[in-house]
Amino acid sequence: MKAKIIGTEKEYDEACERVYTLMHSSDSPVDPESDQGQEMALLSLLIEEYEKEHYSLTAPTPIEAIKFRIDQMNLKQVDIAPLLGGKTRVSEILNGKRPLTLKMIVLLNRYLGIPLESLVNGNKQIVLDPRKRKELLNVSAINEFVKTKTKMELV
């Protein structure tokens, strides 16, 4: 297969198929310095670039993270009621009608092992008053941090 920038789903599938074929062409591992190894490395980079552009993954919302963990542990909503303050509260939280409190976040992390980053990430409802934001961004260290963080999130 001739290596080129992957532009279509068909080309993506063909490149994936070729890498699979190269990987399973013999019982011994492919030597990275061989022609097959070089082709596989190049195709892998092209596949990775295509996937970044077309299959970008976003971090889960806190509710998605909780639901995922409940499913992973084969729990029911009622099982986590003590962490969130009762059966009704669980339903309200999982339906997005009530926000998580700091105490709930800590308990979900401690007892279910949900990463803190997953429980606080993505809450776009929390915003800073525009006047206070401008004042805050006048501090050079904070401004640089925000710029760097924004650039990293775009990558």
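Quick notes
- Between THR101 and LYS87, the modelled labels are 2.1 nm apart [label points 7 Å from Cα along Cα→Cβ].
- Note on the chain: GNM, Cα springs under 10 Å; of LYS76, LYS134, LYS97, the largest mean-square fluctuation is that of LYS134.
- Gyration tensor (alpha-carbon) shape descriptor, segment 1-91, a/c threshold 1.5: prolate
- Tilt relative to the chain, helix 102-112 - C-alpha long axis, 0 to 90 degrees, to 10: 50 degrees
- Candidates LEU136, LEU43, LEU108: whichever shows maximal mean-square fluctuation once the chain is modelled as a Gaussian network with Cα springs under 10 Å: LEU136
- Mean separation of Cα contacts under 8 Å, 6 or more apart, over the residue count of the chain: relative contact order %: 19 percent
- Distance between modelled label sites at LEU136 and GLU53, nm, 7 Å Cα→Cβ extension: 3.6 nm
- Of LEU128, LEU84, LEU46, the one that fluctuates the most in a GNM where the chain has Cα springs shorter than 10 Å: LEU128
- Residues of segment 52-87 with amide N under 13 Å of a point placed 7 Å along Cα→Cβ from ARG110: 83-84
- 11 Å reach of a label modelled at GLN77, 7 Å along Cα-to-Cβ, counting backbone N of segment 89-119: 89-97
- Helix 9-23 vs. the chain, principal-axis angle (Cα, 0 to 90°, nearest 10): 70 degrees
- The computed volume of the Cα convex hull per residue in Å³ for the structure shown corresponds, within (i) 164; (ii) 219; (iii) 136, to (ii).
- Between the helical axis of 62-72 and the longest alpha-carbon principal axis of the chain there is an angle of about 70 degrees.
Each reported figure results from applying straightforward, stated rules to the coordinates on display, with no laboratory input. Just so you know, these numbers come straight off a predicted model, no measurement behind them. Note that each Cβ is placed from the backbone with ideal geometry, even for glycine, and that neighbours are counted across all protein chains shown.
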